[in-house]
1. Could you pull out every one of the aspartates and glutamates with an alpha carbon less than 13 Å from that of B:K147, ignoring same-chain neighbours closer than 8 positions?
2. Run down the lysines and flag those whose C-alpha is under 17 Å from the C-alpha of B:K162, throwing out any fewer than 8 positions away in its chain.
3. Using the count of nearby Cβ atoms within 10 Å as a rough guide to exposure, how do B:V641, B:V349, B:V818, A:V88 rank from fewest to most?
4. Where does the charge balance sit around B:C101 when Lys and Arg score +1, Asp and Glu -1, over other residues with C-beta under 13 Å from its C-beta?
5. From the square roots a ≥ b ≥ c of the eigenvalues of the alpha-carbon gyration tensor of region B:768-891, which class results: rounded (a/c under 1.5), prolate (a/b over b/c), or oblate?
6. Stretch B:D713-B:I541 to full length: gain in nm at 0.36 nm per residue minus the Cα-Cα span?
7. Name the long-range amide H neighbours of B:D609: under 5 Å, sequence gap of 5 or more, or other chain; modelled H, no Pro or chain starts.
8. Compute the relative contact order of chain B as a whole-number percentage, counting only Cα pairs closer than 8 Å that sit 6 or more residues apart in sequence.
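Read-outs throughout are calculated quantities, based only on the coordinates presented, and are distinct from any laboratory measurement. All of these numbers come straight from a predicted model, not from anything done at the bench. We place every Cβ from the backbone using ideal geometry, glycine too, and count neighbours over all the protein chains shown.
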Amino acid sequence: MSETKSRKSKSSKSQSASYSFDIFKHELVPKHEIVPIDEAVEILKRLGVKPEDLPWIRASDPAVRAIGGKPGDIIRVIRKSPTAGEVVVYRYVIPG
Amino acid sequence: MSDYMIEKIKFGILSPDEIRKMSVVQIISKDLFDDDGVPLKNSIMDPRLGVIEPGQRCEICGNTMRECPGHFGRLELARPVIHVGFVRHIHEILRATCRNCGRFKVPSSYIERYGDPEKAVEEIYRIYTKMKKRWPLLAKRLANTLKKEAMKVSQCPFCGAKQYKIRLEKPTSFFEESEEGNLKLTPIDIRQRLERVPDKDLEIMGYDPKEARPEWMIITVLPIPPLTIRPSIILETGARAEDDLTHKLADIVRANEKLKEALETGAPNIIVEDAWELLQYHITTYFDSETPGVPVAKQRYGRPLKGLVQRLKGKEGRFRGNLSGKRVDFSSRTVISPDPYLSINEVGVPVDVAKILTVPERVTPWNVERLREYVINGPFKWPGANYVITPDGRRLDLRFVKDRKALAQELGPGWIVERHLDNGDIVLFNRQPSLHRMSIMGHIVRVLPGRAFRLHLAVCPPYNADFDGDEMNLHVPQNEEARTEARVLMLVQKQILSPRYGGPIIGGIQDYISGAYVLSSKTTLLTKEEVIDLLSAAGYIGPIPEPAVLSPKRYWTGKQIISMFLPEDFNYRGAAKVSSGKLACNDYECFWDSYIVVKKGKLLLGVLDKKAIGSQEPESLYHFLVREYGDEVGREFIDKVFRIFIKVLEKRGFTMTLEDISLPNEAKAEIKRLLNESFEKVHELINRYRSGELEPEPGRTLEETLEIKIMEDVLRNAREMSGEIAVKYMDLFNNVFIMARTGARGSTLNITQMAATLGQQSIRGARISRGFRDRYTAHFKPGDLGAKARGFVENSFVEGLTPTEMFFHAAGGREGLVDTAVRTSQSGYMQRRLINALQDLYVEYDLSVRSIEGSMVQIIYGEDGIDPMKGIHEKSVDIDRLIERVAGHRL
């Protein structure tokens, strides 16, 4: 399956040149970051879920592409919330 | 007997072999009955297909009618026929495989990667099976893209045969478009092609060849369902009416017979094809009688027949009608009616209903005497009982028990009495549409004379009920667990705060608000007799406080009375609803008494109105009372103080007269003057438009600019200003005006329309312009753009409308009616889809929101973990309120 995946991501990457601006500068785009693997394992254990049980995000998502996320990665999104100040959520990157 | 768990369900297609194996009868005869009306063997009414008469034993399984599940038969078709349910799949497989060798047409990119097509299939198969185990959803996507890509390949990578386009002509005909022209593919041709596709190739297209070989999508043997699923009905006349399916099956057998005959006699091709076509039609409509592109199969009298699909589909189908929604026992439905003397927790149940609904009660030494009394009373006298269940499980119907006294004496532990519904029982009360959880609440029964369910007026908002003929349903929980759940979770008082916006959904409405205002007004001074009257309405027993006024006479204020029912440490400040316009106040030094101050449980200043006690008013006095002191205090406040409010109105009298909405002559003149000025302005605008002086606004045409200027600048203004004039002349304590100011009912707009002018009528936000050519009715000159010709109603409801005005008003009113009709149906469907998507989500103990499979939807509920019912409207912590609670004032 890794072969088909790499083929797909390759084709999608080639047709999409990276943006000439920083999308994270926009106030509506929350902060995204790739979670290091050891930390990711710990987070999954704390939440009691398998990686694919997290909400998904596509590898072709502009924010994921900007930080270089690959299928299988776990992404941390830090959003601002009027009620809770800051909200930390996690996404699992899927091909596509 | 051991228990089994269903782990999973797998759907597949029946193969001809399986159909033959499970069949007990081969259908040969096209007639159903012999001359005596006895069902024929080997017909679709063969008794071996299932027992239909009670007492008879099944020839196949030996069971009686109750136990025998029925058995399948089969019909061997003279020629194969396409199954409508699978045409899409047939079409796709035909296009994705080679017309010659039947192999999967591997797209060239894969061949490049893996060398030759054989290897490519092998490799894709390996990847696919692995993926299916770990990521079934992803595998499905891969299979679909593969299939889509293969359909575009025009030359077979295996045998090199040229591929042609295959066109599907709905519903069931396939054509191949080659150079020589279009060729119709018969089901026989198609089946041959499908047979050629190897298992592995099928699997990478997403099919499971073990359970669903594609050639099984072409029917060669038709399973004949048991009689049990298509029972005949005996009419009162004694005649027998067969089920729709039986009729359809008879058609199929007949069509098959005809086709067979044509084939055997060697009839010309056209005749064979016609017969084949007919068989295809009957089998298609047997599965789905509403197949697009085919005439609907009709019963003799023009009623459309129901196919198999129609039995399952839609609101009344098997799934939505019978499996997700069932009819229940221990329920009741009647008209509802208000009763201000009930608690909000109660529901008034008619005696006639209480005598039919029952609650099973186990006999114990502590309740035998009471239950004996019930049994003696029997089923026709309330409170009685309808059934008694003996310790050995027999059910005695008290209607037919001769000596109930003797039976009552026999009662003892181990017996169960199904007694009548009694005061204090808990029931569930519901009004459709059940749009939120407050649509079903737990109520305590109060058995009352009459024929309607009665409920407290303050619970109208959660049910969205009124009394113009509304009916409601009542359900009686039958076991302790259900009763406890109803009492602890569903009781009305637990639902005072709505989880939708965190405010009270149960609170003051209409007269409660008017009454609260009148009582809490500064002008209200009460004598001792009046105070006693009011307090007794609340059921108050205890001392009367010191009067606020001692001389010249002892008088109590309304605020004093209300304060008696507030918790002693309750603090609150806030503007009242009446605080608007010239009565506006924003701090406690308020001349108009429109700023509420409650300190240490004493209502010191301000009047109570919708902003303080109203339903659906978050951050109000009543909201804080319920949130900080609990639902019990909240319920008590409604049950006691609200009753005082009503009593106040009863004593004072609260009504509406023509005078309340009539204006003095000088006010009328003033309004007239204002309107005439406006008409003048409109005229001026029209003149400027005609002479071309009017400048169009950016992005608008000249006509649009004119309309907007007329609508917004002139006519809307005219209504607002005339409303202000009307209000200016109105007495502050005019009952209609009180209702509008306090938010009890109506608005200043309503008063304006009654007293001053109806104003501009509109359709879709524009002046009314359609009707005759260039004018609305024949009463106006063509092309008249003036205010009156385009729907401005000068008169008020009190003055009366002219005939033309009446038509404008009707046109505008119609739009509102149509809008609500359209909106409810649209939002209802949206609600259904939303609920279907969200119903299985739940909040886990770690506060995360998860789906039923365990996948996470939100890491923490609402991304802040706050229960909207307990939190503060759109805030997580309300510091201001916390300070106010303690200090008695805001910062």
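1. B:E92, B:D201, B:E203
2. Here the lysines satisfying the reach criterion relative to B:K162 are B:K105, B:K152.
3. Listed from fewest to most nearby Cβ atoms, that is B:V818, A:V88, B:V641, B:V349.
4. +3
5. Because a/c hits 1.5 or more and a/b fails to exceed b/c, region B:768-891 counts as oblate.
6. Values: separation 172, 0.36 × 172 = 61.92 nm, distance 6.02 nm.
In short, 55.9 nm is gained.
7. Counting only residues 5 or more places away or on other chains, the set is B:K577.
8. 7
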